[in-house]
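The structure appears right after this line, and notes come after that.
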Amino acid sequence: MSASGSSAVADEIESLRVQLREHNYRYYVLDEPSIPDATYDRLMRELQALEAAHPELVTEDSPSRRVGAEPLTEFKQVRHELPMLSLDNAFSAEEMLEFDKRIRQRLKRDEEIEYACEPKLDGIAVSLLYRDGVLERGATRGDGRTGEDITHNIRTVQSIPLKLMGEGHPALLEVRGEVYLPRDGFEAMNEQARVDGGKLFVNPRNAAAGTLRQLDPKIAASRPLQMCCYSVGVVEGVPAALSWPDRQSDILTQLQQWGLRINSESDVVEGVAGCDAYYEHLAGKRDALTYDIDGIVFKVNDIVLQQELGFVSRAPRWAIARKFPAQEESTRLLDVEFQVGRTGAITPVARLEPVFVGGVTVSNATLHNRDEIERLGVKKGDTVIVRRAGDVIPQVVSVIESKRPKTASAIRFPSRCPVCDSPVERIEGEAVVRCTGGLVCQAQRKQSLKHFASRRAMDIEGLGDKLVDQLVDEGLVENAADLYALTVEQLAGLERMAEKSAQNLVDALSTSKRTSLARFIFALGIREVGEATALNLANHFGDLAPIIEASEEKLLAVDDVGPVVADHIRQFLDAEQNLAVIDALLKAGVEWEKVEVADAGELPLAGQTWVVTGTLEATSRDGAKAALQQLGAKVAGSVSKKTSCVVAGPGAGSKLTKAQELGVEVIDEESFLALLEQHGVSP
Ligand code: IVH
């Protein structure tokens, strides 16, 4: 080939690399893809083809070279020239005050300090070394002085550029940050492991660590690892034209300009009051984040002040991690009880030696089901790790086998219902074991009554769990309709029940009779029919009678109702005793207003399926969904060939890409609102 021919190829290759880097950056760092996946794949294939035909033009920083060919046989050690430090912790606002006071005393300053605030990601600390803008090495923190060379795995992380973008790169730049697995990636990974019969990971952090510790980079490449950068280490040979930033927040901005991912929640505040406000703000948002954090890192923003403050042993004086209250603790499993739920599901509940975790004392935790007990390999007497996340029921996540006492005994799952002694059954393909006693079983009866009376169902004020237990135990009530026959005398005769509260309850029962169709359907406690499905049923059919009559096929036409739910509804409404209770409830005076049902055929979006993704500004996603349903559209959770249109707000990710790939129409919030207005619907 002629010299000019080969230089034309070189230009072509370079142009493809530049384009691919840019798209990678938009997709993985900014979360703002600008081309469909298919186009990206085509560019990548073109590059790969050219590189295969011209191996002499292949370079290690090419976007085609993320996964090296061969697994390593061992890890090399890496010495960190500047040690990777740890952080001191604070657990309260008082400790934050002390931190701020120490700093101001040391700096002899009265004015407020400016702090950079960053979420403390719960992942693995890594160091990236860029030489002349090209990624040369990735390493774990290890003990802070010596880590492991994990370049082969680091190269597979799509948000880590193999070559920095922009210009002005120092000759040597060490970037530090956290590699982690977002929650959905973690779930997907465990789901895959479940399918493959592989080992499940306990939490995203362990999964990320386990992935980085693999010798074969193909494993890391198959898992959605992310990286967020939070500081720099060694920096040498800064070009004269670049003025190196002198604030932590500006360093992050500079890193982002070079194509590295930083946390979008990062912020700068004034003084300790600003730190507290930021902490509260993020603590409130924590459960809604797409990744796990275990606290907030506060750093003196001014680098000159940082240098003045320096370090004590292994942690800087100028930074602190304010941790959220611990969410995992170890304690002893004293016993296991089996609870029977409303639908007969038998749940093993661990009775624990009380332990303080996530801000509350926990003495019970769920063990979910029989499979989970087997998976954990847990025995009575074991020391276990208990986790409490947000408002979720505490759960046992693992067993510390080294602490197992000789007296530990196996947990036997009952073959008969612990409450009514009916045999238990397990439907194939389901994890749950159920009592077959139905409403013969007192536990099921009590639970369904509690559900019936609950706030979001019939909202019977004053009819709490304890009272339901009492009423059933005393034989005063068997089913929901019996509640409405209760008299003040009967109630006043109960233990701990005064005449006044008896009267109040009878009044509350009477008030509860006027309800809505949706609440009534929800209150019936049909399996898998939650509030949303109940509302959809009500809006679709308008009244109860047509639902009782509806064939499975007609039920399937309702939003969110699939074959399983339709089957549960039919089974419930085909059972004589359930119809008898419904009848008795109506005779007792339970009533609602019929819901007006529009003839779906006449609605503007009838027969269409829409998807809403990203964040909307003028309305919530639920609001958008309700508006679409009002116009007759079915709203789905994922994009397919059958999707009619996608409403995409900022931050839309894979659903948007999929829509573009399939050529499905996509509109932004503005056009969506215009459409609603046109049809006289408000979001
Ligand atoms: S700064 C000298 N910033 O927390 C400062 N660390 O206990 C050292 N971490 O191992 C780190 N998010 O992996 C810093 N925004 C953040 C962080 C962060 C998470 C981790 C880091 C380190 C540990 C410190």
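The values are calculated or read from the model by the stated rules, or taken from the named source; none is laboratory data. Everything quoted here is computed from the prediction, not taken from an experiment. Cβ coordinates were reconstructed from backbone atoms using ideal geometry, including for glycine residues, and neighbour counts include every protein chain displayed. Protein only, heavy atoms only, side chains kept; ligands, DNA and RNA dropped before computing areas. Shrake-Rupley method; radii C 1.70, N 1.55, O 1.52, S 1.80 Å.
Just one of (1) on the phi < 0 side of the Ramachandran plot; (2) of a type outside the set (Phe, Trp, Tyr); (3) within 16 Å of the ligand (Cβ to nearest atom); (4) surrounded by fewer than 21 Cβ atoms within 10 Å (Cβ to Cβ) trips up Lys101, so point out which.
Exception for Lys101: condition (3).
Go through (1) at positive phi; (2) out of contact with any Pro (no Cβ under 8 Å at 6 or more places or on another chain); (3) modelled with pLDDT under 85 for Ala652 and report which single condition fails.
(1)
Could you list, ordered by first residue, the pairs with Cβ atoms under 6 Å in which the first is in the stretch 405-426 and part of a loop (DSSP other than H, G, I, E, B) and the second is of a type in the set (S, T, N, Q) and exposed (fewer than 15 other Cβ atoms within 10 Å of the Cβ), at least 6 apart or interchain?
Once the first residue is part of a loop (DSSP other than H, G, I, E, B) and sits in the stretch 405-426, its partners that are of a type in the set (S, T, N, Q) and exposed (fewer than 15 other Cβ atoms within 10 Å of the Cβ) give Ser422/Thr436.
Report, ordered by the first and then the second residue, all pairs with beta carbons closer than 9 Å, sequence separation of six or more or different chains, a first member in the stretch 104-126 that is farther than 30 Å from Gly210 by Cα, and a second member that is hydroxyl-bearing (Ser, Thr, Tyr).
Glu114/Ser249; Tyr115/Tyr278; Ala116/Ser249; Ala116/Ser266
Working carefully through the options Asp267, Asp250, Asp196, Asp184, find the one that is closer than 25 Å to His80 by Cα, among the acidic types (Asp, Glu) and out of contact with any Pro (no Cβ under 6 Å at 6 or more places or on another chain). Break it down into steps so the answer makes sense when it comes.
Numbers: Asp267 fails: closer than 25 Å to His80 by Cα; Asp196 fails: closer than 25 Å to His80 by Cα; Asp184 fails: closer than 25 Å to His80 by Cα.
Answer to the check: Asp250.
Looking at Glu596, Glu617 in this structure, which one is outside any helix (DSSP H, G or I) and within 23 Å of Ile547 (Cα to Cα)?
After applying the criteria, what remains is Glu596.
Matching residues to (1) away from the ligand (no atom under 16 Å from the Cβ); (2) outside any loop (DSSP other than H, G, I, E, B):
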site: Ala38; (1), (2): yes, yes
site: Glu51; (1), (2): yes, yes
site: Glu81; (1), (2): no, no
site: Tyr115; (1), (2): no, yes
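For the stretch 192-217, which residues satisfy the criterion of being open to solvent by 50 Å² or more (accessible area, probe 1.4 Å) and either touching a Cys at 6+ places or on another chain (Cβ under 7 Å) or within 19 Å of Val396 (Cα to Cα) (or both)? If you could, list the steps in order and put the result at the bottom.
Of all residues in the stretch 192-217, those open to solvent by 50 Å² or more (accessible area, probe 1.4 Å) come to 192, 194-197, 199, 202, 205-206, 213-215.
The answer is Arg194, Lys199, Val202, Arg205, Asn206.
Which one of the conditions (1) within 16 Å of the ligand (Cβ to nearest atom); (2) in contact with a helix residue (DSSP H, G or I) (Cβ under 9 Å, 6 or more places away or on another chain); (3) open to solvent by less than 60 Å² (accessible area, probe 1.4 Å) does Ser249 fail to meet, given that it meets all the rest?
Condition (2) is where Ser249 drops out.
Please work out which one of (1) under 30 Å from Pro224 (Cα atoms); (2) in contact with a Phe, Trp or Tyr (Cβ under 9 Å, 6 or more places away or on another chain) is the condition Val134 fails and give its number.
Result: Val134 fails condition (2) only.
Can you tell me which residue within the stretch 121-155, out of those that are more than 11 Å from the ligand (Cβ to nearest atom), open to solvent by 20 Å² or more (accessible area, probe 1.4 Å) and among the β-branched types (Val, Ile, Thr), is modelled with the lowest pLDDT?
By that ranking, first place goes to Thr146.
Restricting to the stretch 163-188, give me the number of residues that are crowded, with 22+ Cβ neighbours inside 10 Å and in contact with a helix residue (DSSP H, G or I) (Cβ under 8 Å, 6 or more places away or on another chain).
Residues that pass the stated criteria total 5.
Considering only residues of the stretch 427-446 that are part of a loop (DSSP other than H, G, I, E, B) and touching a residue at least 40 places away in the same chain (Cβ under 8 Å), which is most open to solvent (accessible area, probe 1.4 Å)?
So, considering only residues that are part of a loop (DSSP other than H, G, I, E, B) and touching a residue at least 40 places away in the same chain (Cβ under 8 Å), the one most open to solvent (accessible area, probe 1.4 Å) is Thr436.
For the stretch 460-496: of the residues being charged (D, E, K, R) and either open to solvent by less than 20 Å² (accessible area, probe 1.4 Å) or in a loop (DSSP other than H, G, I, E, B) (or both), which is nearest to Leu579 (Cα to Cα)?
So in the stretch 460-496, the residues charged (D, E, K, R) come out as 461, 465-466, 469, 473-474, 478, 482, 489, 495-496.
Filter again for either open to solvent by less than 20 Å² (accessible area, probe 1.4 Å) or in a loop (DSSP other than H, G, I, E, B) (or both), leaving 461, 474, 478, 495-496.
Numbers: Glu461: 25, Glu474: 25, Glu478: 15, Glu495: 33, Arg496: 34 Å.
This residue is Glu478.
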